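Before any comments, here is the structure.
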Amino acid sequence: MLKKILTAKHRGFCAGVERAVEIVEKSLIKYGSPVYVRHEIVHNKFVVENLKEKGVIFVESLDEVPQGTNQPVIFSAHGVAQRVIEKAKNYNFLFYDAICPLVSKIHKEIILLEKQDYQIIMIGHEGHPEVEGTAGQLQDISKLTLVQELSDVDQLYFPSDQKIAYITQTTLSVFDTQEIVDALEKRFPNILAPKKSDICYATSNRQTSVQEMAKTVDAVFVIGAFNSSNSIRLVETAKKFGCKYSELIENVDNFDYQKLNQYQTIGLTASASAPEEQLNLFINRVKEKFSPEVIDFKEDEKIVFKVPNFLN
């Protein structure tokens with residue numbers, strides 16, 4: 001019988017996600033609907049559906065936005081390639097870039113590395129919008145090599161006089177990425193590392209919180225989305241650090257709460273793109289069926305990214 005729920009110390013929306021959603025909501029207030037958003041503003045169906053109800057239209061291509069519209073077009077927190085920005089300018093769209101400032105930092109890094117004639121290794125997941133947006137900053141895409149897992153390092157070859165640097169996607173597993181970095185530095189002793197880790201504070205904090213929790217609970221449940229890298233990494237982190245069972249929950253309405261009866265203590269967290277209200281809704285649903293003690297460890301990260309002044 002379920003007796004206890006422990007909540008993660010760091011969980012839920014990060015500052016970059018909060019800023020992106022706020023940009024969309026303030027655009028709705030300033031310009032009215034529709035507001036067009038290229039790609040999901042963040043990887044969370046609850047957030048996306050909520051914004052659709054308010055008048056947001058999500059598109060995968062700028063060609064889906066009506067030509068001549070005076071309504072704003074917003075780019076997602078994951079960042080976009082330079083060609084997308086140029087296309088928006090050519091179409092004379094009013095557009096706002098809701099890119100997370102920590103992703104924007106990586107864009108500046110990769111542009112500078114190309115100018116300095118480095119061959120760039122990016123640790124990340126093929127097809128992820130953040131990876132595509134970062135690669136899209138380059139003038140010469142052949143300057144970039146994607147490494148997805150440890151075994152990819154063995155396949156790399158560069159001339160002995162080639163300058164090499166690496167960057168990473170912001171939402172990777174801190175632990176798996178370190179293994180890849182160690183392998184890169186062993187194979188290429190002179191490889192240039194970022195001055196500060198590219199994995200963002202929110203990803204790192206949420207994984208550390210789950211790592212701590214995994215040792216003390218029977219199962220960990222992550223509120224998030226199946227297409228969210230940071231959500232999936234939290235599930236993997238729980239398993240990596242000794243929790244026998246870990247599960248990603250995308251829809252709290254469809255979850256089989258009776259399965260919780262097989263555990264005495266569960267850990268609960270929400271990914272950086274999942275709203276706190278979804279975690280609270282999950283807890284309330286559990287309380288309807290069981291009477292667990294809820295121990296809330298949440299701490300404020302005290303990091304805020306401001307929206308552009310012209311939207312205030």
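The values are calculated or read from the model by the stated rules, or taken from the named source; none is laboratory data. Since the model is a prediction, treat every value here as computed from it, not as a measurement. Using ideal geometry, Cβ is built from the backbone for each residue, glycine included, and neighbour counts are taken over all protein chains shown.
For segment 1-55, residues that are assigned to a strand (DSSP E or B), closer than 26 Å to S229 by Cβ and either free of Cβ contacts under 8 Å to residues at least 24 places away in the same chain or more than 21 Å from the chain's Cα centre (by Cα) (or both) total 3. Considering the conditions (1) free of Cβ contacts under 8 Å to residues at least 60 places away in the same chain; (2) surrounded by fewer than 20 Cβ atoms within 10 Å (Cβ to Cβ); (3) farther than 26 Å from A98 by Cα; (4) not aromatic (F, W, Y), N309 is excluded by exactly one of them, (3).
For every residue, the table says whether it meets (1) at pLDDT 95 or above; (2) surrounded by 21 or more Cβ atoms within 10 Å (Cβ to Cβ); (3) at positive phi.
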residue: H43; (1), (2), (3): no, yes, no
residue: E53; (1), (2), (3): yes, no, no
residue: I57; (1), (2), (3): yes, no, no
residue: E60; (1), (2), (3): yes, no, no
residue: I74; (1), (2), (3): yes, yes, no
residue: A81; (1), (2), (3): yes, no, no
residue: N92; (1), (2), (3): yes, no, yes
residue: P101; (1), (2), (3): yes, no, no
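Whenever a residue of segment 252-272 is closer than 16 Å to T237 by Cβ, its partners that are polar (S, T, N, Q) and in a strand (DSSP E or B), lying with C-beta atoms within less than 6 angstrom and at least six residues away or across chains, give the pairs L268/T7. Among the residues making up segment 56-84, those that are more than 21 Å from the chain's Cα centre (by Cα) and assigned to a helix (DSSP H, G or I) are L62, D63, E64, R83. The number of residues in segment 190-216 being in contact with a helix residue (DSSP H, G or I) (Cβ under 7 Å, 6 or more places away or on another chain) and of a type in the set (D, E, K, R) comes to 2. Within segment 154-184, the residues that satisfy the criterion of being surrounded by 14 or more Cβ atoms within 10 Å (Cβ to Cβ) and over 21 Å from E130 (Cβ atoms) are L156, F158, K163, I164, A183.
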